[in-house]
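Chemist: Structure provided below as structure tokens; questions to follow.
Throughout, read-outs are computed from the coordinates displayed, never taken from laboratory work. All figures in this text were calculated on a predicted structure; none of them were measured in a lab.
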Amino acid sequence: MIATSRPGDLPPDTDLLVHPVYLAGRGDTATVYEALCDARGWGKATTATGLMFTSPRQDAQVAYMPESRYGGWKAVQYGEPLGTPIWWATFSRNTPAEITSAFTTALAEGLPSNHRDFLHGDPHHRPISPAGALAERGWQTDDTAMYVYQRSPDSHAYFALRKGHLDDYMELEGEGPAQWTMYGCVDHVNGERWHADFTSATPLYLVQAAVIALSSTEPVERPLSGIPERNLPYVTVTPVGADTDQLRSAALARTPHTPQAGATPPISSVASLPAPGPSRRR
């Protein structure tokens, strides 16, 4: 395949198909709540701080709070309407929308049965675990003292499982790292990153939905201006609508430095990530 035009030669509003998704940029946040708008009975409210979607039984909420400490989206399920949280999941403001929307779409599908339709032996159960799904897609595993990491083939995205027990209350209050974390970045030490966190009681099929979106090999659509500039050397693009005979998919611009195989990020790269949690009351 022939290389695309250099970024400087393309107008900022050029629509591109970008891969991998975890370096593609935030994308269209409307896709995150489309499933909730389409789901019967979910209520929508515009607040001073963003958007709030509430399930028909008022036992789950999904909120977009761009001005909060970490920005982005937060999903919470309660033991009773607006009661004590059972689990939460957060997606920082720059998390690719495809990953967040995979989670919210699965939540809208599974909540009416209180997630029972996704249990073993039920109609929507997926027998493969999040770790298994990543292994099937060529992600490598690194086992450290505090985490089990799975890293993408290019080492620019990670899924981490926390080892050891953390009190449920402390986890829900954000006083320790969440059970699962995923993130993407091109510089593990000083670079900006997006990250998503899931507490230990988060239904596994929801985490799985996010993991499948994270590791998808399908390109996603972005304008050139929507791709973080620091990621441009590491992504592959195809102009939207390009003729099959004129496709010019390849890594943009220069050849990036490729991390060595087996390069595990330092523990602090995940452990130091803030694990935002909702307050006990909303």
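Chemist: For the range 106-208, take the convex hull of the Cα atoms, compute a quarter of its surface area, and give me that in nm², please. The partial results should precede the final answer.
Modeler: Working: hull surface 31.5 nm².
Result: a mean projected hull area of 7.9 nm².
Chemist: In whole angstrom, how far apart do the alpha carbon centroids of the range 182-233 and the range 38-56 sit?
Modeler: 24
Chemist: Can you list residues whose amide H is under 5 Å from Glu221's amide H, if they're 5+ apart or on another chain and H is modeled 1.01 Å from N?
Modeler: When sequence neighbours closer than 5 places are left aside, the close amide H contacts are Val18.
Chemist: Okay, moving on. Using only the alpha carbon atoms of the range 142-186, find the Kirkwood hydrodynamic radius as the inverse mean reciprocal pair distance, in angstroms to one decimal.
Modeler: 11.4
Chemist: Determine ³J(HN,Hα), in whole Hz, for all residues of the range 152-168 in sequence, where each value follows from phi through the Karplus function 6.51 cos²θ - 1.76 cosθ + 1.60 and θ = phi - 60°; x replaces Gly and Pro.
Modeler: For the range 152-168, the Karplus curve yields 5, x, 8, 6, 10, 9, 9, 10, 10, 10, 6, 8, x, 8, 10, 3, 4 Hz.
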